[in-house]
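Enquirer: Sharing a structure, written as structure tokens. Questions coming.
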Amino acid sequence: MGKVYVFDHPLIQHKLTYIRDKHTGTKEFRELVEEVATLMAFEITRDLPLEEVEIETPVSRAKAKVIAGKKLGVIPILRAGIGMVDGILKLIPAAKVGHVGLYRDPETLKPVEYYVKLPSDVEERDFIIVDPMLATGGSAVAAIEALKKRGAKSIKFMCLIAAPEGVKAVETAHPDVDIYIAALDERLNDHGYIVPGLGDAGDRLFGTK
Ligand code: PRP
Ligand code: URA
């Protein structure tokens, strides 16, 4: 079974409160989502392998650590995942970025795939799929499937807010995928929205309705 990590750092919780607040406008919402993504990226990269190099400081020669050439890929689920990408790239600027386009059919709540573009060498890359919301889990499960179908072997899933139903769906369908979240909310409502959640992440990020 995959592990579930809740990043409840005070800065993340503080920013998440303003992300949830319905009075927060598009500009501030976007900035906050990006900032939380950066903070989560700091935590999610804790296990990156290091290697030793020799450098010269102004005082002496020294052995020091650098990240050991890991190939990373960040995959936003369109649309709302896009809001997290720049925040992650602030910390890992060399990561490649792919896209998985999915939307939830409003009637069935089932994900509909409309676009997939991944970096090359899929099999050697460690992927982080990002989306602010894990609700029924349909989109996350489908995005993970889309990557696996194309050869991905190492996948993490990162989101801001998850419902217990979504976590269970990912755990059941993809027990090899660890899940990283900023908050685990109470439940889904009858429309498949997370309660209390933050509303429609894509609409709030892009100012659409
Ligand atoms: C939202 C959200 C997730 C999905 C989560 O996207 O960004 O991708 O719903 O719901 P699920 O866990 O029940 O699948 P939406 O389908 O609204 O598309 P959008 O990002 O284009 O607005
Ligand atoms: N998608 C969203 O954007 N918000 C939810 O609460 C559920 C799915």
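The values are calculated or read from the model by the stated rules, or taken from the named source; none is laboratory data. These figures come from a predicted structure and were not determined experimentally. Backbone-built Cβ (ideal geometry, glycine too); neighbour counts: all protein chains shown. These area figures cover heavy atoms from the full protein model, side chains too; ligands, DNA and RNA do not enter into them. Shrake-Rupley method; radii C 1.70, N 1.55, O 1.52, S 1.80 Å.
Enquirer: Which count do you get for residues in the stretch 120-137 that are surrounded by fewer than 23 Cβ atoms within 10 Å (Cβ to Cβ) and either touching a residue at least 60 places away in the same chain (Cβ under 8 Å) or not aliphatic (A, V, I, L, M) (or both)?
Expert: 6
Enquirer: Of the residues Gly199, Gly192, only one is near ligand 2 (Cβ under 9 Å from one of its atoms), more than 21 Å from Asp47 (Cβ to Cβ) and modelled with pLDDT under 95; which?
Expert: Gly192
Enquirer: Could I ask something else about it? Tally time: how many residues in the stretch 69-102 are out of contact with any Phe, Trp or Tyr (no Cβ under 7 Å at 6 or more places or on another chain), part of a strand (DSSP E or B) and either among the aromatic types (Phe, Trp, Tyr) or away from ligand 1 (no atom under 11 Å from the Cβ) (or both)?
Expert: Final tally of qualifying residues: 4.
Enquirer: Residues of the stretch 150-203 being more than 13 Å from ligand 1 (Cβ to nearest atom), open to solvent by less than 50 Å² (accessible area, probe 1.4 Å), over 19 Å from Arg20 (Cβ atoms) and touching a helix residue (DSSP H, G or I) at 6+ places or on another chain (Cβ under 7 Å), which ones?
Expert: Residues satisfying the conditions are Gly151, Ala152, Ile155, Lys156, His174, Val177.
Enquirer: Moving to a separate point now. Among the candidates Val100, Val85, Val36, single out the residue that is within 16 Å of ligand 2 (Cβ to nearest atom), within 18 Å of Lys117 (Cβ to Cβ) and touching a residue at least 12 places away in the same chain (Cβ under 8 Å).
Expert: Val100
Enquirer: Right, another one. Checking the conditions here, which among Ala64, Ala41 is aliphatic (A, V, I, L, M), part of a strand (DSSP E or B), more than 16 Å from ligand 2 (Cβ to nearest atom) and out of contact with any Pro (no Cβ under 8 Å at 6 or more places or on another chain)?
Expert: Exactly one residue qualifies, and that residue is Ala64.
Enquirer: State which residue is modelled with the highest pLDDT when the search covers only the stretch 65-105 and only residues that are small (Gly, Ala, Ser) and open to solvent by 40 Å² or more (accessible area, probe 1.4 Å).
Expert: Among those residues, the one meeting the criterion is Ala94.
Enquirer: Could you check, for the stretch 139-147, whether at least one of its residues is touching a Lys or Arg at 6+ places or on another chain (Cβ under 8 Å), within 21 Å of Lys22 (Cβ to Cβ) and near ligand 2 (Cβ under 9 Å from one of its atoms)?
Expert: No, the stretch 139-147 contains no residue that is touching a Lys or Arg at 6+ places or on another chain (Cβ under 8 Å), within 21 Å of Lys22 (Cβ to Cβ) and near ligand 2 (Cβ under 9 Å from one of its atoms).
Enquirer: Sort through Lys3, Lys15 and tell me the only one that's within 23 Å of Ala163 (Cβ to Cβ), open to solvent by 20 Å² or more (accessible area, probe 1.4 Å) and in contact (Cβ under 8 Å) with a residue 60 or more places away in the chain.
Expert: Exactly one of Lys3, Lys15 is within 23 Å of Ala163 (Cβ to Cβ), open to solvent by 20 Å² or more (accessible area, probe 1.4 Å) and in contact (Cβ under 8 Å) with a residue 60 or more places away in the chain, namely Lys3.
Enquirer: Which pairs turn up if I take residues in the stretch 188-203 that are assigned to a loop (DSSP other than H, G, I, E, B) and look for partners that are within 6 Å of ligand 2 (Cβ to nearest atom) with beta carbon separation below 6 Å, at least 6 apart in sequence or on another chain?
Expert: Gly192/Ala135
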